[in-house]
Amino acid sequence: MLFCTGFLNYLDRQTLSILKATLKSVFDFDDSGYSTLIAAFMVPYIIMYVVGGRIVDRFGSRLSMTVFIASWSVANALGGLAQSLGQLGGARALLGAAEAGTFPAFQRAIISWVPSERRAFAMSLVAPSTTLGAVAAPPLIAALTLHLSWRGAFILPGVLGLLLALAWWFADRGAPAEAEIRESGAASFGEVLRERRLWGVVAARGLSDPVWYFHLFWIPGYLQERLGLSLAQLGAVGWIPTVTASVICIAAAHLTDQRVARGRDPISSRLLFFYSGAVLAPIGALTTLAPNLAVALLLITIVTVACQLWFFGTGPLLADMLPARINASAFGVIGAFGASTGLILNFAAGPIIEQLGYAVVFGGLALLHPIAALVLWLSIVADRRRTADRGEPQAVG
């Protein structure tokens, strides 16, 4: 059920980027207007990441996830019914608000249902759902548009989402650890914000998340407008980066679980996700120099792997590092901060691309993961060493 939820979540949010060229002609907007549509999604998304985390910690995953899925599905269908750019922007705003709460609910559901010794592996199996949703989006949205219309590409997934919300309500009952988490009580937001170990992850994801959000919203248009792919061709090759990233990340998750099973420190093992991604990400600076589509896809794939390693690694790291009763709120804070920096970049990307071209953006993005990895190391590894030197206990959630 979680896999299906993540799949549909990313399928729905990708519809706009895949149909960018089509919708630009329908609603008559340019790249700056497209940046505004992204902002319409991202601002509520940022706010609801924090609010959604608090809702999940208060009400659990059953009720909150049902409401989130149903709400974003209605929003997606409304996008297909839009008659103006303003109506499309309003539908995207509701979509962003509802989709954000899904990911804190993911964290709570896995912690509630899966024993700690198998939790990281479970997360590694669920996490590719979002990637595969993005993978499936180009061919599925292209097929729906070509066989129905662009409106059908919004409406049909919305209907499926309402069915999924109903199914989730009946599926998420009797989780083994849910009663224990509820008995411990929901933490105050002040307690969450005072958690020192959280803020290193917040800062690192705030630096690195703009790379993913740029690829999510701009790469489909880049392949069509700069490399000349048709919508059908985009559907044929657009899945390659995300499928490759999913396979590599699942393998990486298995390797880190093996390290933990052999008695290695869990937090240090989870950090390998982040360091590996930081090594790979700078290759993205070469994207605009690619001589052909094959090389461009290779470079985009490498950066996608780097981004997904960071997303895959966050859930297990938080589960190992923080108490279960604040995990959803902590996840929400991280997501909100990363989405905020992603919003800033995407809002600025349209004018920058129009004035300076894609090369400047790709070059700047290439620096972010290495800087973020340094911040993460200083905030977690170096801090743990200082704590150990002082003889202080190192609590693990």
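The values are calculated or read from the model by the stated rules, or taken from the named source; none is laboratory data. Every value quoted in this text rests on a predicted model; they were computed, and no experiment measured them. Neighbour counts run over all protein chains shown; Cβ positions are idealised from the backbone, glycine included. The accessibility values were calculated without ligands, DNA or RNA, using every heavy atom of the protein model including side chains. Shrake-Rupley method; radii C 1.70, N 1.55, O 1.52, S 1.80 Å.
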Residues of the stretch 157-204 classified as outside any helix (DSSP H, G or I) and at pLDDT 80 or above, total: 4
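Residue by residue, here is whether (1) open to solvent by 10 Å² or more (accessible area, probe 1.4 Å); (2) within 14 Å of the chain's Cα centre (by Cα) holds:
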residue	(1), (2)
Phe3	yes, yes
Thr15	no, no
Thr22	yes, no
Asp28	yes, no
Ser32	yes, no
Thr36	yes, no
Ile47	yes, no
Gly52	no, no
Arg62	yes, no
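Sort through Ala281, Ala294, Ala232, Ala261 and tell me the only one that's modelled with pLDDT of 90 or more and over 22 Å from His369 (Cα atoms).
One residue alone meets the criteria, Ala294.
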Unique match (being in contact with a Gly (Cβ under 8 Å, 6 or more places away or on another chain) and buried (at least 20 other Cβ atoms within 10 Å of the Cβ)) among Ala136, Ala245, Ala204, Ala153: Ala153
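Name every residue in the stretch 324-335 that is among the hydrophobic types (A, V, I, L, M, F, W, C) and either open to solvent by 10 Å² or more (accessible area, probe 1.4 Å) or at pLDDT 85 or above (or both), in order of residue number.
Listed by number, the residues that qualify are Ala324, Ala330, Phe331, Val333, Ile334.
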Search result, residues across the stretch 343-373 that are assigned to a helix (DSSP H, G or I), surrounded by fewer than 15 Cβ atoms within 10 Å (Cβ to Cβ) and not hydrophobic (A, V, I, L, M, F, W, C): Pro351, Glu354, Gln355
So Ala261, is it without any contact (Cβ under 8 Å) to a residue 24 or more places away in the chain, open to solvent by 20 Å² or more (accessible area, probe 1.4 Å) and under 30 Å from Pro115 (Cβ atoms): yes
Some residue of the stretch 310-323 being among the hydrophobic types (A, V, I, L, M, F, W, C), modelled with pLDDT of 90 or more and either surrounded by fewer than 22 Cβ atoms within 10 Å (Cβ to Cβ) or in contact with a helix residue (DSSP H, G or I) (Cβ under 9 Å, 6 or more places away or on another chain) (or both): yes
